[in-house]
Every structure is written in structure tokens, then in C-alpha cells.
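For reference, the structure is listed below as C-alpha cells.
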Amino acid sequence: MPSSRYERAARSAGYRCIAGVDEAGRGALFGPVFAAAVVLDPSRQIRGLDDSKQLPPDRREVLAGRIRDRAIAWAVAGADAFEIDRVNILQASRLAMKRAIERLKTASDYLLIDATTVDLPVSQRALIHGDALCFSIAAASILAKVARDRALEQWDAVFPLYGFAHNRGYGTPDHLAALEEFGPTTLHRFSFEPVRNACQSRDYAWSGYPEQGELFACR
């Protein structure tokens, strides 16, 4: 279970505004990767924070509301499928995290990040399985997951053949079958092998996107 020991250690070292950062949707075949940054208020505890993957959807929704209400600051951002294909999913995840941090209304002076670092001149610590160890990262994982799930529910109405409302864009059997039958949408991640494979049996093949600007600059 996560705890506040990493935040306490950072405050003991003199840092005052500690943000937890995490992403959601890194392994999906469709759509953006989302990220969130959260600065928890140590005087307003939120019971039940945990890795978003360990929580049922209704519990995530309840906790997301409490996080937004009680946190000192929070923000959500993303990197779209075009950027994922251009720079790879790891770099796109780091870009989404950077954007979320930059959107915080209160600037942080220390970052606790799940398994990676970001290109910002801010002291930071990468924690492997951070969403299972650290309250701030767990809170960020919940906000990112809830935001992405809501987005996939909206995209399900646009692309009803792929089951995004329940598979969230991941490579489930029904999603893979839809890719095989109907081919990918324009918002699939063509740099991911199952999506490329779905192109091979059709009249087109992906050869890479041209250079793009920061199309998903959530600032």
C-alpha cells in the first residue's frame, strides 16, 4: 500500500511543494497517453489512495473527486497518437507528464514520478512502482486514469466498432478482432505492432508520420 513517507522525506530535506506524477494508457493501441500531477495537502488526508489499477472504476471516480477537491494543486495533460508515433511511447509519456507539471497552478519544487524522470529543472525522484508506494503518485495515477477512461467513452461514440467504452483502447480480443475486420482509425497508434499488422491486409500501409508540432500542448 502507498504511504506518505516519500513526501515526508522531501519536506524534511527542505522542499515545500511536492508533486506526484503518473501516466495512464501507455500500453493502449488507441489514442493519447494521459498524465496527471498532484500536490497533496498534508493537512487534508484522503483515505483509500492506491494504484489506480487496483481500484474498481466507481472507487476511482469517488477518489478522483476528493483529490480534485482537497489537493493544493492538480493538473491533467496528454500526448496524442501522432506524437506517440513520432517520438515513441516512453518519450510521449514523459512529454505528457511534463505538460501536466507545467499546468499546475502552484509551481512544485520537488517531483515524485512513477518510474521515470522529466525534462524540467526541478529536483525529482523516480520510483519504480511508485503508484503502489507513494500517495502523491497514486493520486496522480487515479486522475490520469479517470480522465483517460472518460475520453475513451466519448471516442466510443465516434468509433463504435472498436468497443472503446469497455476495452479502453487496449489490445483485448474484441479490439484486435475489430482491427482485423475494419482496420485502424486515424487515432490508432500506428507505431504499435498490432495496429501495423492490421494495415498489412488492407490497401494501405503506415510509413511514419511527418514532423508534427506539439498538437496536444495542454498548457
Exercise for the section: Among the candidates Arg86, Arg99, Arg125, single out the residue that is modelled with pLDDT under 95 and among the basic types (Lys, Arg). Expected result: Arg86
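Could you please let me know if Ala37 is outside any loop (DSSP other than H, G, I, E, B), among the aliphatic types (A, V, I, L, M) and under 22 Å from Leu133 (Cα atoms)?
Working: outside any loop (DSSP other than H, G, I, E, B): yes; among the aliphatic types (A, V, I, L, M): yes; under 22 Å from Leu133 (Cα atoms): yes.
Judged against the criteria, Ala37 is a match.
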Exercise for the section: Would you mind finding the one in Leu63, Leu55 that is at pLDDT 95 or above and farther than 26 Å from Asp174 by Cα? Expected result: Leu63
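From the list Ser43, Ser12, Ser52, Ser3, which residue is in contact with a strand residue (DSSP E or B) (Cβ under 8 Å, 6 or more places away or on another chain), surrounded by fewer than 22 Cβ atoms within 10 Å (Cβ to Cβ) and of a type in the set (Ser, Thr, Tyr)? Give the derivation first.
Working: Ser43 fails: in contact with a strand residue (DSSP E or B) (Cβ under 8 Å, 6 or more places away or on another chain); Ser12 fails: in contact with a strand residue (DSSP E or B) (Cβ under 8 Å, 6 or more places away or on another chain); Ser52 fails: surrounded by fewer than 22 Cβ atoms within 10 Å (Cβ to Cβ).
None of the other options fit; the residue is Ser3.
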Handout entry: Unique residue being in contact with a helix residue (DSSP H, G or I) (Cβ under 7 Å, 6 or more places away or on another chain) and modelled with pLDDT under 95 when the list is Asp41, Asp50, Asp22
Key = Asp50
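The values are calculated or read from the model by the stated rules, or taken from the named source; none is laboratory data. Since we're looking at a predicted model, the values are computed, not measured. Backbone-built Cβ (ideal geometry, glycine too); neighbour counts: all protein chains shown.
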